[in-house]
Amino acid sequence: MGRAQQYRAVCDDVAAQCRAVGRDPHDVKVVAVSKTVGVAEVAQVVEAGAHDFGENRPDGLSEKATAFPRETWHFIGNVQSRRIPEIVRSASLVHSLYQEHHVSRFDAAAEAMGKVQDVLLEVNVSGERQKSGLAPDDLPALLEHCGRYSHVRVCGLMTMAPQGDPAAARSCFEDLARLRDELRGKLDAERADVFNELSMGMSEDWREAVVAGATIVRIGRAIFDETFEGALR
Ligand SMILES: *Cc1c(COP(=O)(O)O)cnc(C)c1O
């Protein structure tokens with residue numbers, strides 16, 4: 001299959017999974033994670049109708065967002081302070097904010113560019129040492145901190161599940177959904193209104209994420225890797 005077909009197949013599968021669990025397919029956005037490919041491959045998937053793309057490095061983000069300015073670019077990678085202005089220039093949504101000292105920098109960069117930066121807070125639900133993100137217990141403090149900045153808007157939560165075990169992934173995703181609901185209950189009406197997104201699920205575990213309430217799935221290999229064989233199950 002070519003990449004355009006793979007993209008369409010993923011979208012069809014996500015929609016089918018939504019319907020199978022009683023969800024509206026419009027409520028789950030597929031972000032095509034293009035971090036391993038170049039602009040030619042992105043162009044194939046744009047042709048197939050994709051509008052949302054994810055990058056995990058500022059260089060790739062800038063390059064591809066410049067090449068495809070009409071599409072929506074998501075930053076899903078590790079944030080480094082000095083790269084924040086670059087990220088803000090190109091990213092509609094930053095999925096991976098979790099360090100308190102980055103908040104004021106995102107705010108300043110966004111203000112300088114005349115925008116409000118939408119962000120998700122990355123949570124290390126599973127507690128694995130090698131994973132980035134903050135501990136669930138630290139979320140209320142970070143959320144409160146973000147509330148002091150008018151150019152940063154927190155739209156929800158993001159996580160990555162343990163790999164290779166669908167049951168563990170599912171429980172991780174369910175925990176993230178529960179955290180979102182709990183935290184939303186503590187926000188004022190205006191902030192609660194936009195605190196909706198759950199960015200969770202990748203090529204091998206998006207089915208579990210859709211069941212658990214994902215609103216954004218981040219799919220790389222299943223779209224761009226022509227040798228990808230499907231979920232490990
Ligand atoms: C690479 C990456 C993805 C996509 O992973 P695949 O397994 O290729 O679908 C999703 N989220 C993040 C944060 C990534 O770095």
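The values are calculated or read from the model by the stated rules, or taken from the named source; none is laboratory data. This is a predicted model, so every value here is computed, not measured. Counting neighbours? That spans all protein chains shown, and the Cβs are built from the backbone with ideal geometry, glycine included. Note: areas computed on protein heavy atoms with side chains; ligands, DNA, RNA excluded. Shrake-Rupley method; radii C 1.70, N 1.55, O 1.52, S 1.80 Å.
I need every pair where a residue in the range 34-62 that is in contact (Cβ under 8 Å) with a residue 12 or more places away in the chain and open to solvent by 50 Å² or more (accessible area, probe 1.4 Å) has its Cβ under 9 Å from the Cβ of a residue that is of a type in the set (Asp, Glu) and outside any loop (DSSP other than H, G, I, E, B), sequence separation at least 6 or different chains.
LYS35/GLU55; VAL39/GLU63
For the range 88-106, how many residues are open to solvent by 20 Å² or more (accessible area, probe 1.4 Å) and in a helix (DSSP H, G or I)?
Of the residues in the range 88-106, 6 are open to solvent by 20 Å² or more (accessible area, probe 1.4 Å) and in a helix (DSSP H, G or I).
For GLN80, indicate whether it is open to solvent by 10 Å² or more (accessible area, probe 1.4 Å), free of Cβ contacts under 8 Å to residues at least 24 places away in the same chain and of a type outside the set (Ser, Thr, Tyr).
yes
If a residue counts only when it is in contact (Cβ under 8 Å) with a residue 24 or more places away in the chain, of a type outside the set (S, T, N, Q) and within 12 Å of the ligand (Cβ to nearest atom), which strands (runs of 3 or more DSSP E) contained entirely in the range 147-233 have at least 1 such residues?
Hits in the range 147-233: 152-158, 216-219.
Considering every residue within the range 121-128, establish whether at least one is modelled with pLDDT of 95 or more, part of a helix (DSSP H, G or I) and surrounded by 14 or more Cβ atoms within 10 Å (Cβ to Cβ).
no
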